[in-house]
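To start, the structure itself, in structure tokens.
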Amino acid sequence: MSASQSAVRSRAEAVQVSRTLDWMILFTLFTVVLGGYHIHYMLTGGDWDFWTDWKDRRLWVTVAPIVSITFPAAVQACLWFRYRLPFGAVVCVLALMLGEWINRYLNFWGWTYFPVNFCFPSNLVPGAILLDVVLMLSSSFVLTAVVGGMAWGLVFYPGNWPIIAPLHVPVEYNGMMFTLADLQGYHYVRTGTPEYIRMVEKGTLRTFGKDVAPVSAFFSAFVCIIIYFLWHYFGRWFAKTDFIDGEGM
Amino acid sequence: MAATTDSVKADVSEAPLLNKVNLFAGLTLYLVFYSFIRWYEGVYGWSAGLDSFAPEFETYWMNMLYIELVAEVVIACGLWGYIWKTRDRKVMSITPREELRRHMTHWTWLCMYGWAVYWGASYFTEQDGTWHQTIVRDTDFTPSHIIEFYLAYPIYIITGVSSFLYAKTRLPAYSEGLSLMYMISVLGPFMILPNVGLNEWGHTFWFMEELFVAPLHYGFVFFGWATLAVMGVVNTEVNALTKLLKKDLA
């Protein structure tokens, strides 16, 4: 081919092709990341995300942010540091939450009849906005890991508070004190529940543990910082354009 | 004036850079097909999918599995064979415009791959969680597994490998060597399918209950990470497209 030849007829056509490709790239990135992020999240934090009776003040607050900061950190490493696009975390979270909401409505409710107010997904949007804003303002992945990663962990529970608070009010049932979320779980028995008919917040947590959620969030934020670093480097590696010799394969 | 008219005629007669009909028809095909599958699950999951020893289970579910497996092998062999058989043996001598046209077709394949990955890894995988936390399984081949593992996963594998083969056989950017991230983005999600072996073996120990965060499932997680390699594919493509369009966009 000749280097002097042009692939397009005019500048207008070049612009049009470029815009079309932008949409096709975004669609592919969105759907592939959705698939990968969703399978990762549902199998590392899924049960806490599926059911309100798992959304407690300790393990949900700890586990969900730690396992969910992974893909946003990796995608930021490509989109910001290569293209200066400041929406890596938000696009990941929007993709994940779209996939989750479609599933909870059409399958959890539509196929197996769990009410949506029992199986709605956790809200990750506030943390994603903070993560992207910190990266955009600082242009530093170290600062994003420390400040943004910590914010991701800390903001998770407050970000879900308005949604989960009505289900954490106490009720008395057969002489036991439950939360409404516990009561939902009690009535909607699942195959995984026999060994998990449990009150997470029992014993010392209910007498001694009024600070459980903030402590859990703080611990989660600490781990999120480390996970962000790790997955930033995963993201850099996955963004490589290397070719290998096909000989012997 | 005459020259301009000829030029316009030539533009009209040549194939468009992007065949939008193919793109939207492909996406719609998957949407309609999977909508039908979801309807089938809704009707025959409850009425014929609860007891694997029942005759109706054989009729509605095992027969579906057998049809799927045969159809997938035939389609994979036919599609991959066609793409390979019709490969361009002089790929380095194509015009820039033809190269751009092929990149657009390649992106149609990648959009299809993304769409197929969504249905397999997101929609039908999480759906499996709610089905198995609702019914007590008595077989490895449950209604949700027959759709998830043996239909939705093979479809994205077939689509992904087709996309890879198209790039490898028709685009100069991929003609020398193998794109590492392209291979990972296709082979990683592919490995989720063999990992079903581990999953089913493990579930023979924990047959009754379903916990999605059980370590038994971490194989799926590990191979799911490979989807991130799509970023490497995007970057490779952007490099190639920049060479084609940069001077016209300047």
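The values are calculated or read from the model by the stated rules, or taken from the named source; none is laboratory data. Note that the structure is predicted; figures quoted are calculated from it, not measured. Note that each Cβ is placed from the backbone with ideal geometry, even for glycine, and that neighbours are counted across all protein chains shown. Keep in mind that these areas ignore ligands, DNA and RNA; they rest on the heavy atoms of the full protein, side chains included. Shrake-Rupley method; radii C 1.70, N 1.55, O 1.52, S 1.80 Å.
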Seminar exercise, completed: Descending packing, highest mean Cβ count within 10 Å first, for A:168-177, B:220-229, B:40-49, A:34-43 is A:34-43, B:220-229, B:40-49, A:168-177
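Give me the percent of accessible area attributable to carbon and sulfur for the range A:14-57, probe 1.4 angstrom.
65 percent
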Exercise. Just the accessible area per residue of the range A:20-238, please: how many Å² with a 1.4 Å probe?
Worked result: 41 Å²
For this session: Taking 7 Å along the Cα-to-C-beta vector as the label spot, tell me the residue B:140-residue A:84 distance in nanometres, rounded to one decimal.
Result: 5.4 nm
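If each DSSP helix of 4+ residues adds -39,500 (n - 2.57) and the sum is divided by the residues in chain A, what number results at 222 nm, nearest 500 deg cm²/dmol?
Values: 11 runs with 152 residues, N = 249.
It comes out at -19500 deg cm²/dmol, rounded to the nearest 500.
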Problem set entry | Rounded to 10°, Cα long-axis angle of helix A:149-164 versus longest principal axis of chain A | 50 degrees
Problem set entry | Close Lys-Lys pairs in the protein assembly as shown, where close means Cα under 28 Å and separation is 8 or more or interchain | 27
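Per residue of A:112-122, how many C-beta atoms from partner chains lie within 10 Å of its own C-beta, taken as a mean? Don't jump to the answer; show the numbers that get you there.
Values: counts 10, 2, 3, 0, 0, 0, 0, 2, 0, 1, 0.
What the average comes to for A:112-122 is 2.
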For this session: Roll a 1.4 angstrom probe over the protein heavy atoms and tell me the percent of accessible area of the range B:26-249 that is carbon or sulfur.
Result: 73 percent
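With every protein chain left in place, what is the accessible area per residue of chain B in square angstrom, probe 1.4 Å?
Details: 10700 Å² over 250 residues.
Ligands and nucleic acids excluded, the figure is 43 Å² per residue.
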Exercise. For B:38-46, what's the mean count of beta carbons from other chains sitting within 10 Å of each residue's beta carbon?
Worked result: 2
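Percent relative contact order of chain B, based on C-alpha pairs within less than 8 angstrom and at least six residues apart? Each step should come with its number before you reach the end.
Numbers: 195 pairs, mean separation 56.4, N = 250.
Taking the mean separation of contacting Cα pairs over the length of chain B, I get 23 percent.
Compute the FRET efficiency between residue B:53 and residue B:198 as 1/(1 + (r/R0)^6), taking r as their Cβ-Cβ distance and R0 = 35 Å, and round to the nearest 0.05.
Numbers: r = 26 Å, r/R0 = 0.73.
The computed FRET efficiency comes out at 0.85.
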Problem set entry | Two-site label geometry, residue A:105 and residue B:14: point separation in nm, points 7 Å out along Cα→Cβ | 4.4 nm
Problem set entry | FRET efficiency estimate (nearest 0.05) - Cβ-Cβ, residue A:117 to residue B:66, R0 51 angstrom | 0.80
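If one takes the accessible area of chain B alone plus chain A alone and subtracts that of the pair, with a 1.4 Å probe, what total in Å², rounded to the nearest 100, results? If you can, show how the numbers build up before the last one.
Working: alone 14200 and 14630 Å², together 21770 Å².
Chains B and A together bury approximately 7100 Å².
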For this session: Order these peptides, B:92-100, B:79-87, by their mean beta-carbon neighbour count within 10 angstrom, highest first.
Result: B:92-100, B:79-87
For this session: Return the distance in nm (one decimal) between the two label points of a simple spin-label model at residue A:12 and residue B:92, each offset 7 Å from Cα along Cα→Cβ.
Result: 3.8 nm
Exercise. Sequence-distant or interchain residues sharing an amide H contact under 5 Å with residue A:179, placed H: which?
Worked result: A:171
For this session: Two decimals is fine: what is log10 I(q)/I(0) at q = 0.10, 0.11, 0.15 Å⁻¹ for the range A:20-238, from a Debye sum with one equal scatterer on every Cα and no solvent?
Result: -0.47, -0.56, -0.96
Exercise. Tally Lys and Arg at +1 and Asp and Glu at -1 over the other residues with C-beta under 14 Å from the C-beta of residue B:123: what net charge comes out?
Worked result: -3
For this session: Could you work out the mean count of beta carbons from other protein chains within 10 Å of each residue's beta carbon in B:232-242?
Result: 5
